[in-house]
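Just so it is clear, none of the values below were taken in a lab; they were calculated from the coordinates. Quick caveat, the model's predicted, so the values are computed rather than measured. Neighbour counts are summed over all protein chains in view; Cβ atoms, including those assigned to glycine, are modelled from backbone coordinates with ideal geometry.
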Amino acid sequence: MEKKLYKSKKNKMIAGVCGGIGEYFNIDPTLIRLAWAILSILTAFFGGIILYIVAAIIIPNEYQIKGED
């Protein structure tokens, strides 16, 4: 079975990007969120926000990948 990256609908806080990344790599989404926050602060915060918005636009929703409603 091929793994696909998608925005999670069950591990969602804002758009589901970190939840989807966590599910893809089989890592707790909280660790992904924490790492994202730390990296955002270290890169003057603005870069992390822009990257998150771009990821939220580009990464498809879970229902689009799995064919659910």
Read-out P(r) over Cα pairs in 5 Å bins from 0, in percent, candidates [x] 3, 21, 36, 28, 10, 2; [y] 4, 19, 25, 26, 16, 7, 3, 1; [z] 3, 14, 20, 25, 21, 12, 4, 1, 0; calculated match is [y]
Multiply the residue separation of residue 14 and residue 54 by 0.36 nm, subtract the distance between their alpha-carbon atoms, and state the gained length in nm to one decimal.
13.1 nm
Any idea what the relative contact order of the chain is, in percent, if you count C-alpha pairs under 8 Å spaced at least 6 apart?
33 percent
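Students often check this: by mean Cβ neighbours within 10 Å, which of 10-21, 37-48 ranks highest, and how do the rest follow?
Output ranking for 10-21, 37-48: 10-21, 37-48.
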Here FRET efficiency (C-beta to C-beta, residue 1 to residue 28, R₀ 30 Å, nearest 0.05) is 0.85
Could you check the simple spin-label distance between residue 43 and residue 63, using points 7 Å along Cα→Cβ, in nm with one decimal?
3.0 nm
Under a point-charge model restricted to the Cβ atoms of Lys and Arg (+1) and Asp and Glu (-1), what is the dipole moment magnitude of the chain relative to its Cα centre, in debye to the nearest 20?
60 debye
In sequence order, what are the phi-derived ³J(HN,Hα) couplings for the range 24-34 according to the Karplus relation 6.51 cos²θ - 1.76 cosθ + 1.60 with θ = phi - 60°, rounded to whole Hz, with x for glycine and proline?
5, 8, 6, 10, 4, x, 5, 5, 5, 4, 5
